[in-house]
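See structure below.
No value in this document is a laboratory result; all are computed from the given coordinates. Note that the coordinates shown come from a computational prediction; the quantities given were computed from them, not determined experimentally. Note that each Cβ is placed from the backbone with ideal geometry, even for glycine, and that neighbours are counted across all protein chains shown.
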Amino acid sequence: MDNGYSGKRVLIIGKGISGEGAKTALDGLGAECAFYEDTYTVNGNKADMIVVSPGISREHAVFGHAAENGIEIIGEAELGYRINKKPVIAITGTNGKTTVTELIGKILERAGHKVAVCGNIGNSFSLAAFRGGYDYAVVEISSFQLETVKYFKPYIAVITNISPDHLDRHKTMGAYCAAKRKIAAKQTKEDYLVLSQDDIPLYALEDFMPQSSVMYTSVRGKMRGAYVTENKIYYMGEYVCDTDRVRMEGEHNLKNALSAVCAAKILNVKNKCIVSALTDFLPDAHRLNLVARKGGKNYYNDSKGTNIMASVCAAEYMSGDTCLIAGGSDKGYEYDELFTKLPPGVVRIAAVGETAAKIKRAADKYGFANIEVFDDFTKAFLWAKDGIEENVLLSPASASFDMFTSYSERGEAFERLVRNVDEK
């Protein structure tokens, strides 16, 4: 039976998880594949299709080549959608999308479903779709991936929140928001869109007219969707559980839980399955994790806090005075919002890496004087450690690629330094 890919010549650009996953899937479907090696051909022949990984910018010459030669060019997530045969729950947002994706997966598993948790979360959607064997695909999808979708149409789309991020790639907030909105562009009235009433600014939804049934989440009272009132979680007026059943800590994680609850209830999952998952689930190791308490000081690793609002949320969770370690590689935005929204408990900042000077300029602008700039991560940590504050918080509000290969490596470096701290 022709699957549409047998014999098709496909050029793949990007050799990471996405590119390798796409190649394995396409090879399995009988396509003739080649990775881009400074040539636009597949074994010397013109490509019929080009698949790009999310790290490939729209400014890459391949997009012009495809347009000039009438070659369809799609992203790996779009390829996954085309191969996939099961309902898709897709999650995007500036922050929380990994947590929500994993939590929805756990809830559906508790309900007895087979689930493929994939996408921008470490597993290629196209490879998962090719392998099959699941009832639902729960897909984390980034703005980079959404840039290159064409027919992508999830049954449930979730936008957790929107705040400035990746402006080095998207250039403007308008373009960034437009990419996020593409998650619902092809939805129909048979589909669902879940939006945060609390954390999506009105400008992000300008000219946005989704055709799907729109549901909302809010920790501030009754909504058409999942909401919190008097420390209880409800869905469309139905009591689900008390908020203290959510094991994840912090208001931002309560908001994440509401997104997952809303998606699960749309899928008619029973409350006992939802509560069971909420009671057990914790986010990954580099998202606001208490590493240790030494010498009367708490050390928190939030290396995955790679944008301003993620770091603000982490800082708001701190109890007691805090020294913040911030900075890393530049994502194209200024840091004014960091200093207009940081809670007063953050009394010192160690600014480190490529964005340190930007952070210092913003601090000076808003009269935040207790800040030092470092070009070495260890020196920044030691300065933070030697203060009198109760907490040291690594939450960089920046990407990691100036000094580290990933946020995980940065978090691990922080945790090694914590392990070497005297117990005194």
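Residue ranges 39-49, 146-156 sort as 146-156, 39-49 when ordered by packing (mean number of other C-beta atoms within 10 Å per residue, highest first). Rounded to the nearest 20 debye, the dipole size of region 78-280 about its Cα centre is 660 debye, using +1 on the Cβ of Lys and Arg and -1 on the Cβ of Asp and Glu.
When you work out D = kT/(6 pi eta Rh) for region 9-75 at 37 °C and 0.692 mPa s, using the Kirkwood radius from C-alpha pairs as Rh and the Stokes-Einstein form, the result is 280 µm²/s. Once Lys and Arg get +1 and Asp and Glu get -1 on their Cβ, which of Cys118, Val312, Asn69 lies farthest toward the positive end of the dipole of the chain? Positive-most Cα among the choices belongs to Cys118. Around the amide H of Phe401, modelled in the peptide plane, lie the amide H atoms of Ser329, all under 5 Å away and 5 or more residues distant in sequence or on another chain. Here, region 132-210 has an Rg and a Dmax of 12.9, 40 Å when only alpha carbons are counted.
Quote the charge dipole size of the chain about the Cα centre in Debye, to the nearest 20; the model charges only the Cβ of Lys and Arg (+1) and of Asp and Glu (-1).
Once rounded to the nearest 20, the dipole reads 1080 debye.
Rounded to the nearest 0.05, what FRET efficiency do Glu190 and Val373 have when you use their Cβ-Cβ distance and R0 = 60 Å? The formula returns an efficiency of 0.65 here.
Each of the peptides 261-274, 223-236, 92-105 was scored by the mean count of other Cβ atoms within 10 Å over its residues; in descending order, highest first, they stand as 92-105, 261-274, 223-236. Remark: region 9-75 carries a charge dipole of roughly 80 debye about the Cα centre, counting +1 on each Lys and Arg Cβ and -1 on each Asp and Glu Cβ. A Förster radius of 60 Å, combined with the Cβ-Cβ distance separating Leu290 from Gln211, puts the computed FRET efficiency at roughly 0.85. Projecting the Cα atoms of Gly295, Ala356, Gln197 onto the charge dipole of the chain (Cβ charges, centred on the Cα centre) puts Gln197 farthest toward the positive pole.
Once you place label points 7 Å from the Cα toward the Cβ at Tyr239 and Ser57, how far apart are they in nm? Result for the modelled spin labels: 5.5 nm. Listed by Cβ neighbour count within 10 Å, with the fewest neighbours leading, Glu78, Glu190, Glu337 appear as Glu190, Glu337, Glu78.
Taking all Cα pairs closer than 8 Å and separated by 6 or more residues, the relative contact order of region 1-115 comes to 22 percent.
Taking a ≥ b ≥ c as the square roots of the Cα gyration tensor eigenvalues, region 293-424 comes out oblate, since a/c reaches at least 1.5 and a/b does not exceed b/c.
Per residue, what volume in Å³ does the convex hull of the Cα atoms of region 99-232 enclose?
129
Per residue Cα convex hull volume for region 253-295, in cubic angstrom?
With only Cα atoms used, region 253-295 gives 84 Å³ per residue.
Could you work out how far the C-alpha centroid of region 1-60 sits from that of region 255-280, in angstrom? Spelled out, the Cα-based centre of one part sits 37 Å from the other.
The helix-only estimate of mean residue ellipticity at 222 nm for the chain, built from DSSP H runs of length n ≥ 4 each weighted as -39500 (n - 2.57), is -9500 deg cm²/dmol after division by the residue total. When each of the peptides 53-63, 379-389 is scored by how many other beta carbons lie within 10 Å of its residues on average, the order from highest to lowest is 379-389, 53-63. Taking the dipole about the Cα centre of region 241-287, with the C-beta of Lys and Arg at +1 and of Asp and Glu at -1, give me whichever of Cys262, Cys241, Thr279 is farthest to the positive side. Positive-most Cα among the choices belongs to Cys262.
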